[in-house]
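Asks: Shown below is the structure under consideration.
The values are calculated or read from the model by the stated rules, or taken from the named source; none is laboratory data. Since we're looking at a predicted model, the values are computed, not measured. Neighbour counts run over all protein chains shown; Cβ positions are idealised from the backbone, glycine included.
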Amino acid sequence: MIINVLDIVKSNLATNLEDGVALFEVIKAKKPSEITISFVGVKLISTLFLNESIGRYAAMNSKTIQELQFEYPEGKEIFAHKIDDVIENALLGEDYDSLVDNALLSM
């Protein structure tokens, strides 16, 4: 099943919390192996959007998240890097929170 982000956010900007929640609501009941999330047509994605959608989904599906497929716009390789980072951070869970807290304290 292809889930088109452009259809969900009704914009070529996937940047806000509400849109991230909307994407999460669409994908949460699906099996990762059955989903391809398409970012074709999207010009910009934010970490906030990704944390609320893909990151939240990864946290709930940690054993199968790697089965999820993504489709990116041509020339937007950075999208794949951002999504990989969000998934990695979500899977680290509390360990990631600890790393961030320690980094902030050392500043």
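Asks: Can you pull out every residue in segment 32-57 that is farther than 21 Å from ASP85 by Cα and either touching a residue at least 40 places away in the same chain (Cβ under 8 Å) or part of a loop (DSSP other than H, G, I, E, B) (or both)?
Replies: Across segment 32-57, the qualifying residue is only GLY41.
Asks: Answer yes or no: is there a residue in segment 56-68 that is within 12 Å of the chain's Cα centre (by Cα), of a type in the set (A, V, I, L, M, F, W, C) and modelled with pLDDT of 95 or more.
Replies: No.
Asks: Taking segment 1-30 on its own, how many of its residues are assigned to a loop (DSSP other than H, G, I, E, B), touching a residue at least 24 places away in the same chain (Cβ under 8 Å) and surrounded by 12 or more Cβ atoms within 10 Å (Cβ to Cβ)?
Replies: The qualifying residues number 5.
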